[in-house]
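The structure appears right after this line, and notes come after that.
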Amino acid sequence: MRIFAVVAALIVALSSTAAPAIAGEAAAKTRVIVLGVDHGTQLVSRNDQPGMLAAFLDRVRPDAICIERPPEQAARGDYYEYTYEVQGIILPYAERTHTALCPIDWMPPVEDQKLGFGLDLDTPLELRRPNGFQGFLSFPEASAIQRDFFAADDPANLARVVQWAATPAPAASQDLPRRLYLYRTFMQAQRIRAAAAARPGKTVLVVIGYFHKPDIEANLAKDPAIDLVQPSSLGRPDPAAVAAATTTEQLAAILAFNLLGVQADSGNVDWAWVADVLAQMEQRQPGPATSLLRIRYDLLTGKIDPAKAARRYAALAADTPDDARFAWTGVEDKSRVDSFFDPFGNLSVRQRALVEQARCLFAQGQIRSGDALIETVARTLPKRQAFQLTGYAARLHPKKD
């Protein structure tokens, strides 16, 4: 019992000395802005698009940006695959503006993950599942393509998270996810607190999964050295600012996610927005990659049938050099053939054209011809990628009744 008394005394002591006893304390408060995001929805929602965050960064001009990754992994350039807002928007901004980055996530050691969940949470399966846990990322819910940039500022959108965090599981043995969430967000808050303490009187922007926002803010709310500011109070970037902040690579990411990834299979796509983005891409960066995206768009929207698409893919493959690549793929592990949203994300444009041709042949019942094309591509790949390619391609075969 003595150890618990010591810990309790330590907590009381730390709490009583948390406020810095310095003159002009109020003037030295650090402005902390917690922007809750839904990882990846920037690529499916016009109202939450990459240029919106990019323009918001230009508006806020933070002195430091806290990102969702443990410091140890971030130090070697290792990020979560699905945090598009980090790799696709924040890292380029920070490099261009020389803004400090503060990785503030915490995750349990791998051995603890295996003990608690029976697996390493950070390592994908050799063949990812089509969707869901350990599967490719997609957003089949209609609400995803309507998500607003400031959605996490509305308490109603966070009510379910708050209730879940406050409600223990029926059995203690099933309560690890909630307990881990609370500890994780506490540690995130502590790292944010440290980043803020190092920058008195300045602005720290935290960009993090929306489900962490309420508990982080609860942990920081009574810190006298921190002034919590809601992102929406700073105003929404106007369409001109969003357009000016949007890069060609971000346009490529929107198109790849909606046209080449498993999102297309969900049917939950803002086709009018994708058409807009594709038209911009054709102006900014015409070439084999954009031509492939156009074929895929025309097929998915019913402008052409699989037979015509197959002929166009074949002609594109014949005219495309082997080294032509897509402007953005989302691939983190280059030893794999996939990305976090696309089974064939790490292929060249020519290789992808052949795979898409095979997909069209499968749709017409020409299984052998399609398999032959897949084998042609597999022979050009390292052993691991070839295994993954053939495994994913088998999923394109028509389902038997």
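The values are calculated or read from the model by the stated rules, or taken from the named source; none is laboratory data. It should be emphasised that the depicted structure is a prediction, and the values quoted were computed from it without experimental measurement. We place every Cβ from the backbone using ideal geometry, glycine too, and count neighbours over all the protein chains shown. Ligands, DNA and RNA are stripped out before the accessible areas are found, and what is left, the full protein with its side chains, is counted by its heavy atoms. Shrake-Rupley method; radii C 1.70, N 1.55, O 1.52, S 1.80 Å.
Just the number: Rg to Rh for the chain, Cα atoms, Kirkwood Rh, two decimals.
1.02
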Subject >> With Cα atoms, 0 to 90° folded angle of helix 383-394 axis to the chain main axis >> reply: 70 degrees
Original post:
Using all Cα-Cα distances in segment 199-272, what percent lands in each 10 angstrom bin from 0 up to the longest?
Top reply: 13, 28, 30, 22, 7
**OP:** Kindly express, to the nearest 10 degrees and within the range 0 to 90, the angle between helix 271-284's C-alpha long axis and the longest C-alpha principal axis of the chain.
**Re:** 80 degrees
Subject >> For segment 233-363, convex hull volume per residue from C-alpha positions, Å³ >> reply: 129 Å³
Subject >> For the chain: accessible area per residue (Å², 1.4 Å) >> reply: 48 Å²
Original post:
Taking the Cα centre of segment 179-333 as the origin, how large is its charge dipole in debye, to the nearest 20, when only Lys and Arg (+1) and Asp and Glu (-1) carry charge on their Cβ atoms?
Top reply: 420 debye
**OP:** Rank these residues by their accessible area, most exposed first, probe 1.4 Å: D238, D319, D298.
**Re:** D319, D238, D298
Original post:
Rounded to a whole number, what % of the accessible area of segment 299-356 do carbon and sulfur atoms account for, probe 1.4 Å?
Top reply: 48 percent
Original post:
For the residue pair E141 and L91, what label-to-label distance in nm results when each label sits 7 Å from Cα along the Cα-to-beta-carbon direction?
Top reply: 2.8 nm
**OP:** Give me the distance between the Cα centres of segment 128-195 and segment 291-361, rounded to whole Å.
**Re:** 34 Å
